[in-house]
Structures are given as structure tokens and as C-alpha cells.
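Report on the following structure.
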There are 2 protein chains.
Amino acid sequence: VFGTCVDWRTSVARQARELGDRLGVGPVDWPAFADAWRARYDPQMENVRSGARPWATVDVLHREALDDVLAEFGLDEVSDHHRDELTLAWHRLDTWPDVVEGLTALRRHYVIAPNSNGHIALQVALARYAGLPWDAILGAELARTYKPEPEVYLRSVEALGLRPPDVLMVAAHGSDLDAAAACGLHTAFVPRPHEHGRPPTGKERPRGPVDVEASDFVELSEALRDLSRGEAARG
Amino acid sequence: VFGTCVDWRTSVARQARELGDRLGVGPVDWPAFADAWRARYDPQMENVRSGARPWATVDVLHREALDDVLAEFGLDEVSDHHRDELTLAWHRLDTWPDVVEGLTALRRHYVIAPNSNGHIALQVALARYAGLPWDAILGAELARTYKPEPEVYLRSVEALGLRPPDVLMVAAHGSDLDAAAACGLHTAFVPRPHEHGRPPTGKERPRGPVDVEASDFVELSEALRDLSRGEAARG
């Protein structure tokens, strides 16, 4: 979801800037602030994956990381109340322009659900904010660990009453798709070259092969339609 | 969901009759068949609640109970293939006529989710079949036990990032509401007098008080709107 469906960087930077303007702090490079916040995410999740700390939602992780990032940007004056408020910026993220149309088209023929590291409450807020038409909210919270741990993929597949080869994992991040493929899921790569506000480095691409690559979710829905027609034609 | 949102009895009886006609079995009293199938549900769940057997989805429970019910109705000739098929009748249940309109109105102001004993895959199928506009699919599978165990209510509340008093449990079954109230949730009773095809006995009603009683989901959405206006007026 983060990066694949929604443009977290622009959305978080905008909301942080709005709060900063309201509080009269700065000047601050708010996109760099969003990047610094996001950069703390994976090491935090690693502590949960490794068992060094028990399951904690990304709200908890975001709130802890925010303290560090505010200190890094010399913004220690921001109150706890405003820190709590800004943490919820991650519940209000704008989609890439193709996402709602593409998901709506996909949903005509497939069950669609996020398999995100974001917990259920965050995904519900995000879906309501952005109009994401999910059939169910799945993901890390069901397994109480974080991707790319196999349990996250397998628990989401199981929750749908399916087997891994019945499911297509869609992501802009190769590491996510490589982990899904290792669990036996099909994979689709949808690159999001503007996620980080700098040219892609190539590390976003999966190391292994994918079943489908599409430039956005509308093209993905068309590619899957063509694939199923091909399969029907082959009998 | 079962009984509160959907008319399981008529829907299951109709699908069983369709299969029976196709197979040329019977004559069978199909509504009585549906009742007999449903009657096995609570004792089966009790085995999970008590820990006598590990978590099993209602698909598994329905499939096991079906063997007993077919025997009771002298229908041992039905093949395993057709038993598996008929088990999925519980994924295709028609709503009471007010449900989609009422849920759609409720969703404008509230997050709505099933807190059902039905597992996620079944709820997804049901929502797609009947057009139930849930924000998320919650319920027994998250807690891996069955209502009225408190964990089921508390785990669903927690998944939404809420506390029990932030949540309203809606049901046609008093035992469900009494259990929710004991966990600190608000409660709304929506009687469904046609659920069992016989007059209500009074046992459907909650023993304790409820916050709201409404004759259907549209009236419930109006009652909640009036309640929130009253709270706003009281400041």
C-alpha cells in the first residue's frame, strides 16, 4: 500500500508543512522530513521481525520515530499533542492517480485486499480517506509480524480461504515481491518511479521473475484480463 | 451477520432445494433441513470455545454438520462433491430488505464491520454476493474462538484502534448483545422476527438493557443520527 497505492512522501510532507506553518516552526525541508521519517521504518520493523520487541502497530512505530526525526530537524518544541496529531498523517495519504480506477476494475473479477505492514485501523482510515474499494483488510496485523516475513503473506492467503498460487501479490517494491514469490504467490510489479522524489536506483526491482509487470493499476487490470482470456483460449 | 443481516434460513433452504431437485432426491422439508443444519452450529462452536477442539472455520463446521443432517433426512446418497458444494450455500445468503440501504447510511458517519462467527473468507464472499459495504472484515477468526467469548468482541474493537465504549454492537440476538455489553461495548437490538420461520419466543431479546432498539437498519441509522444530534445539542 505505502508507495504502491499511495504517495506517502508528498502526503506526509504536505501535512507536516501544514502543521509546521500553523505552529510557525521552520523553515524545514518537509519532503526531506518525510524521507527521514520513512527511513526509520524498516529498522523499527526489524526489531519486531527479530522478536527483539513484541508486536507494535505502525502507529506506535511512527510515533516513536517522529520523536527522533523532530530532534534531527531541530523541532524539539513540538508538543506531544501535535506529535500525536502528526502521526495520523499516515492515515491520510493520497493515491497515485490510477489506483481507485484500477482497483475498481480489478474488483469486478477478483477479490482485492491490502497485504500491508499497516495495521487494520490505519488501513480502514486510509481506505475511507482515499476511497480504496477493498473487499477485506488483511496484512501484517493478522500475523503480528512484518513483511517480508513469510507468515504475513501466508496468513493473508489463508484468511481468504485460498492457496498461495491462487493469489497475486502486487507491489512497487521488489523485496516484497521476492518474498511473496518465495511463499508460492504469483507476483505483479507496478513501479512507482516518483515514490522517493529522486530517480529510481534499480533496487526497487524484484531480483526474481514476476508474472506481470504493468505501469499502473489500470494497465494491470487490463493485463490480467488479457491473461485470463489467454488461459480460457488455451482451455 | 447470520440472522441480523442475512436471512440464512430461506437462502439455505432454497439452495438445498435447488440441489435436491437437480439430484432428484426427496421430497424433503427444506426449511426444516436448514433449521436442523443451523441447530448443530452452537454445539459445534462450543467445542472450539471450550478448547475441546482447535480453531476451525464455520466452513469446516458446516461441512461436518451437513453429514449428520443428510443422514437425519435420509439423504446419505448425496456425494462428497455435492456436500462440498452445498456447504458453500452459507457464502450466498440474501440480506433482509433494509440491510444494504441501512449499512450504506450508517457508513456515511461510522466505520462498519461484521463481528461475526463467520470467518473472513466467508464474510468476503457474502459481502460480494449481497453488496454489504463493510469497511473491514472482523470477527471470530481474529481471536480464533467463537462468540460469545469476550476475546472476539475485544479483538475486533482493538483491530479498529478503538476502546469498547467507542463501539456499537448491533445484533438480532440478545445473547450476543449481553456478551458485548459485558465487554463494555454499546449495544443495539434489531429484532428479526422472521429469522426462524416461527413466531419469536422472547429468548431472542437481550436480558440486559440496550442503548438502542430499532426495527431495521434504516431505522437504526436514523436513531443514531438523532442520538448524535442530541449529544451535540447537549454540548
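The values are calculated or read from the model by the stated rules, or taken from the named source; none is laboratory data. Keep in mind that this is a model prediction, so the values were computed, not measured. Using ideal geometry, Cβ is built from the backbone for each residue, glycine included, and neighbour counts are taken over all protein chains shown. When the accessible area is computed, the model is the full protein with side chains, heavy atoms only, and any ligands, DNA or RNA have been set aside. Shrake-Rupley method; radii C 1.70, N 1.55, O 1.52, S 1.80 Å.
For the range B:91-108, state whether one or more residues are without any contact (Cβ under 8 Å) to a residue 12 or more places away in the chain, within 14 Å of chain A (Cβ to nearest Cβ) and either aromatic (F, W, Y) or open to solvent by 20 Å² or more (accessible area, probe 1.4 Å) (or both).
yes
Output the residues belonging to the range A:130-155 that are under 15 Å from the mean Cα position of the chain (by Cα), farther than 24 Å from A:S215 by Cβ and within 13 Å of chain B (Cβ to nearest Cβ).
A:I137, A:L138, A:G139, A:A140, A:E141
Residue by residue through the range B:197-235, note down the ones that are among the hydroxyl-bearing types (S, T, Y), surrounded by fewer than 16 Cβ atoms within 10 Å (Cβ to Cβ) and modelled with pLDDT of 90 or more. Break it down stepwise before answering.
As a first pass, look at the range B:197-235 and keep what is among the hydroxyl-bearing types (S, T, Y): B:201, B:215, B:221, B:228.
Then keep just the ones that are surrounded by fewer than 16 Cβ atoms within 10 Å (Cβ to Cβ); that gives B:201, B:215, B:228.
Scanning the range B:197-235 gives B:T201, B:S215.
How about the range B:111-129: which of its residues are touching a strand residue (DSSP E or B) at 6+ places or on another chain (Cβ under 8 Å) and more than 10 Å from chain A (Cβ to nearest Cβ)?
Residues satisfying the conditions are B:P114, B:N115, B:S116, B:N117, B:G118, B:L126.
If only one of B:V12, B:V28 is of a type in the set (A, V, I, L, M) and either under 18 Å from the mean Cα position of the chain (by Cα) or modelled with pLDDT under 95 (or both), which one is it?
Numbers: B:V28 fails: either under 18 Å from the mean Cα position of the chain (by Cα) or modelled with pLDDT under 95 (or both).
So the residue among B:V12, B:V28 that is of a type in the set (A, V, I, L, M) and either under 18 Å from the mean Cα position of the chain (by Cα) or modelled with pLDDT under 95 (or both) is B:V12.
Find all pairs meeting these conditions: Cβ atoms under 6 angstrom apart; at least six residues apart or on different chains; first residue within the range B:176-200 and within 12 Å of B:S215 (Cβ to Cβ); second residue open to solvent by 70 Å² or more (accessible area, probe 1.4 Å).
Note: pairs meeting the criteria are B:F189/B:E213; B:P193/B:P200.
A quick yes/no check of all residues on (1) closer than 27 Å to B:A13 by Cα; (2) small (G, A, S):
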site	(1), (2)
B:R192	yes, no
B:V218	yes, no
B:A223	no, yes
B:D226	no, no
B:G230	no, yes
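So, A:L162, is that one of a type in the set (A, V, I, L, M, F, W, C), in contact with a Ser or Thr (Cβ under 6 Å, 6 or more places away or on another chain), under 29 Å from B:E158 (Cβ atoms) and part of a loop (DSSP other than H, G, I, E, B) or not? Steps first, answer last, please.
Values: of a type in the set (A, V, I, L, M, F, W, C): yes; in contact with a Ser or Thr (Cβ under 6 Å, 6 or more places away or on another chain): no; under 29 Å from B:E158 (Cβ atoms): yes; part of a loop (DSSP other than H, G, I, E, B): yes.
Taking the combined requirement at face value, the residue does not satisfy it.
Looking at B:R63 and the list (1) in a helix (DSSP H, G or I); (2) open to solvent by 30 Å² or more (accessible area, probe 1.4 Å); (3) away from chain A (no Cβ under 14 Å), which single condition is not satisfied?
For B:R63, the failing item is (3).
Under 16 Å from the mean Cα position of the chain (by Cα), crowded, with 18+ Cβ neighbours inside 10 Å and of a type in the set (D, E, K, R): does that describe B:D176?
Working: under 16 Å from the mean Cα position of the chain (by Cα): yes; crowded, with 18+ Cβ neighbours inside 10 Å: yes; of a type in the set (D, E, K, R): yes.
Judged against the criteria, B:D176 is a match.
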